[in-house]
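We did not get these values from a lab; they are worked out from the coordinates using the rules stated. Since we're looking at a predicted model, the values are computed, not measured. Cβ atoms come from the backbone with ideal geometry, glycine included; neighbour counts cover every protein chain shown.
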Amino acid sequence: MEWVLFLIFALVAAGAGVGMVLQRSPIYSALCLILALFAQAGLYVLLGAELIAFVHIFVYAGAIMVLFLFVIMLLDLRPEDRSPVRSNPVGVSVGLILAGLLLAELALGVGPHIALGPRGAYDFETVRAVGNTQAVGRILFREYLIPFELTSVILLAAMVGAMVLAKRKLE
Amino acid sequence: MDFLFATILKIALVMGLVLLAVAYLTWLERKVIADIQVRYGPSRVGRFGLLQPIADGIKLMFKEDIVPANADRLIFLLAPVISIIPALIVFAVIPFGPSFVITDVNVGLLYVFAVTSLGVYGIVLAGWGSNSKYALLGGLRSSAQMVSYELSLGLSVIGVVMMAGSLSLVDIVEAQKGSWYGILPRWNVIPQFLGFVIFLVSSTAELNRAPFDLPEAETELVAGFHTEYSSMKFAMFFMAEYANMIGASAMATTLFLGGWQGPLLPPVIWFLLKVFCFLFLFVWLRATVPRFRYDQLMGFGWKVLLPLALVNLMLTAAALLIVS
């Protein structure tokens with residue numbers, strides 16, 4: 001049962017990701033991205049991380065992507081022109097080599113750790129026992145308190161910066 | 001198998017109840033507003049106009065279904081569906097009685113917020129897909145409004161979560177059991193009064209109800225995002241709005257009024273009674289207050305409600321620290 005669900009979510013996520021890149025209309029691209037975010041949330045639920053799953057939907061699908069759509073609509077972006085693709089043999093070969101290198105690097109760097117990496121302190125059973133929200137809260141406010149606070153400060157600075165840039169004339 | 005059967009039965013019961021309530025909420029709204037304005041309201045179809053919602057439903061189904069020539073067909077068709085699904089699946093985690101809840105998710109409150117935050121897509125996409133300037137402006141307005149008020153809505157309930165120590169709606173209702181000094185019910189509305197008011201105001205704004213119904217301000221925007229919609233597609237937006245209203249009332253009841261708890265009467269009746277009070281309040285508001293101006297709406301959300309919600313949060317945290 002879980003395998004079937006995993007397969008569905010994984011396929012939808014991958015398909016929507018590809019669709020996002022291939023769509024010509026920016027609105028459809030954004031919608032594909034939202035679909036991919038949903039499928040990803042489904043994967044989180046399968047991993048027993050309900051909190052992450054719903055925060056994911058709430059923050060990304062519910063807030064950030066709405067603003068994306070908002071900007072796309074305000075800018076009135078037209079679908080991309082469908083210009084005939086001229087393949088440049090040099091470009092294609094360089095691209096292929098780079099993609100191959102990236103793949104090899106991923107396989108070498110990440111591959112061995114998938115099976116052999118150490119188990120973290122918070123595996124499926126522990127999280128079940130402590131509670132989803134509690135587990136995240138504990139890690140966030142005990143082990144990673146300083147990075148968490150630093151991130152907040154950086155985000156605040158970015159917000160203030162954006163406002164200063166947008167409001168050229170400050171009264 | 002029994003579990004599956006019981007769940008399906010519960011879902012069918014809740015959906016049937018909600019859809020029936022949606023239909024009769026329109027009747028209630030027309031009757032109450034008519035009474036307030038010293039009119040009769042619907043009175044021709046059935047006794048007291050009680051069959052009016054059914055007549056309206058049949059009428060809407062047989063109306064011509066128009067898709068504007070330059071509309072984006074797929075998005076135009078998808079928007080009403082996207083708008084009604086979140087409105088209905090909210091009821092999956094709401095406890096109607098001691099053991100009457102479809103499913104008790106351990107992050108139930110977050111689930112409700114995640115799901116309701118998606119309702120805005122229906123409106124934005126309807127506005128864009130219609131390819132009409134009124135619909136587009138209505139959709140943009142509404143998305144800005146909903147994103148702004150979602151912040152204070154989310155912050156207003158954190159106090160409740162802190163007091164219950166859980167995000168599960170069943171636990172939140174359980175935490176409101178008992179009474180203070182034997183008479184005052186231990187409902188969150190008393191210690192969290194500020195949070196309650198913020199929740200109520202922000203959810204009115206989220207619902208696009210008067211006095212926050214700017215997305216469909218008819219004097220400026222014709223009918224806002226659903227200008228180009230007709231027949232059942234229009235009806236779906238309408239149903240979504242009313243289902244959202246019931247959902248928000250149910251959430252207010254669960255979070256602040258102790259859910260299904262109350263003396264003498266059976267729990268489900270208590271729950272429905274409290275929900276009805278909120279629904280009546282929303283209708284009453286619509287008949288009483290004039291619409292906000294757009295800049296007032298934005299200013300109020302960001303400069304009044306959001307700071308107040310933060311103050312409420314800090315006060316709750318301080319009080320809880322002192323008590324423990």
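Overall, the anisotropy analysis places chain A in the oblate class: the square-rooted eigenvalues a ≥ b ≥ c of its C-alpha gyration tensor yield a/c not less than 1.5, with a/b not exceeding b/c.
For the stretch B:190-324, what is the relative contact order in percent, using Cα pairs closer than 8 Å and at least 6 residues apart in sequence? Display every interim value, and only then the final one.
Details: 88 pairs, mean separation 44.5, N = 135.
Over the stretch B:190-324, the number comes to 33 percent.
Given R₀ = 30 Å, what would the calculated FRET efficiency be for residue B:50 paired with residue B:15, taking r from the Cβ atoms and rounding to 0.05? The calculated FRET efficiency here is 0.85. Classify the stretch B:159-247 as rounded, prolate or oblate, taking a ≥ b ≥ c as the square roots of the eigenvalues of its Cα gyration tensor: rounded when a/c is under 1.5, otherwise prolate if a/b is larger than b/c and oblate if not. Prolate, since a/c reaches 1.5 and a/b exceeds b/c.
Oblate is the label for the stretch B:16-160. Its Cα gyration tensor axes, ordered a ≥ b ≥ c, give a/c of at least 1.5 and b/c at or above a/b.
What net charge is computed for the residues neighbouring residue B:23, neighbours being all others with C-beta under 15 Å from the C-beta of residue B:23, Lys and Arg scored +1, Asp and Glu -1?
Neighbour charge sum, excluding residue B:23 itself: 0.
Output the 0 to 90 degree angle, nearest 10, between the alpha-carbon long axis of helix B:306-323 and the longest principal axis computed from the alpha carbons of chain B. Once rounded, the angle reads 20 degrees. With all pairs of different C-alpha atoms in the average, the Kirkwood value for the hydrodynamic radius of the stretch B:100-248 is 16.9 Å. If the segment from residue A:163 to residue A:47 were pulled out straight at 0.36 nm per residue, it would be longer than the present Cα-Cα gap by 37.9 nm. Working note: Debye formula, equal point scatterers on the alpha-carbon atoms of chain B, no solvent; log10 I(q)/I(0) at q = 0.08, 0.11 Å⁻¹ is -0.39, -0.74. Each of B:89, A:146 was scored by other Cβ atoms within 10 Å of its Cβ. Listed from fewest to most, they are A:146, B:89.
Label-to-label distance, residue B:36 versus residue B:230, with points set 7 angstrom from Cα along the beta-carbon direction: 3.2 nm. Length gained on full extension, residue B:304 to residue B:77: 77.9 nm, using 0.36 nm per residue less the C-alpha separation. Peptide A:44-55 has a mean shielding of 3, counted as Cβ atoms of other protein chains within 10 Å of each residue's Cβ.
Can you give the helix-only mean residue ellipticity at 222 nm for chain B, where every DSSP H stretch with n ≥ 4 adds -39500 (n - 2.57) and the sum goes over all residues, rounded to the nearest 500 deg cm²/dmol?
On the way: 14 runs with 210 residues, N = 324.
Taking each H run of at least 4 residues, the total per residue is -21000 deg cm²/dmol.
Between 0 and 90 degrees, the angle of helix B:119-129 with respect to the longest Cα principal axis of chain B falls at about 20 degrees. Peptides B:289-299, A:50-60 ordered by packing proxy, namely the average of other Cβ atoms within 10 Å per residue, highest first: A:50-60, B:289-299. Taking each residue in B:111-119, count the Cβ atoms of any other chain within 10 Å of its Cβ, then average. What number comes out? Per residue, the number of nearby Cβ atoms from other chains is 5 on average. When B:33, B:269, B:183 are sorted by how many other C-beta atoms sit within 10 angstrom of their C-beta, beginning with the fewest, the order is B:183, B:269, B:33.
Averaged over the residues of peptide B:121-132, the number of Cβ atoms from other protein chains lying within 10 Å of each residue's Cβ is 2. The amide H of residue B:179, built 1.01 Å from its N in the peptide plane, has B:186 as neighbours under 5 Å, considering only residues 5 or more places off or on other chains. Of the DSSP H helices in chain A, those that are both long (alpha-carbon extent of 20 Å or more along the helix axis) and hydrophobic (Kyte-Doolittle mean at least -0.5) are A:2-22, A:26-46, A:89-109, A:145-166. Ordered by the count of other Cβ atoms within 10 Å of each Cβ, fewest first, B:73, B:47 give B:47, B:73. Computed over chain B with a Gaussian network model linking Cα atoms closer than 10 Å, the most mobile of B:95, B:68, B:80 is B:68.
For the protein assembly as shown, give the magnitude of the charge dipole about the Cα centre (Cβ charges: +1 Lys/Arg, -1 Asp/Glu; no others), in debye to the nearest 20.
Working: 31 positive and 30 negative charges, 176 e Å.
In total the dipole reaches around 840 debye.
Translational diffusion coefficient, Stokes-Einstein: compute it for the protein assembly as shown using the Kirkwood radius over C-alpha pairs as Rh, at 20 °C and 1.002 mPa s, and state it as an integer in µm² s⁻¹. Walk me through the numbers on the way to the answer.
Values: Rh = 25.3 Å.
Once the numbers are plugged in, D ends up at 85 µm²/s.
Label sites at residue B:265 and residue B:104, each approximated as a point 7 angstrom past Cα along Cα to Cβ, lie 2.4 nm apart. Angle of helix B:231-256 to the longest C-alpha principal axis of chain B, folded into 0 to 90 degrees and rounded to 10: 10°.
Beyond 25 Å in Cα-Cα separation lie the following of the pairs B:133/B:303; B:31/B:274; B:31/B:303: B:133/B:303; B:31/B:303.
FRET efficiency for the residue A:18 to residue B:65 pair, using the beta carbon distance and R₀ = 35 Å, is estimated at 0.60.
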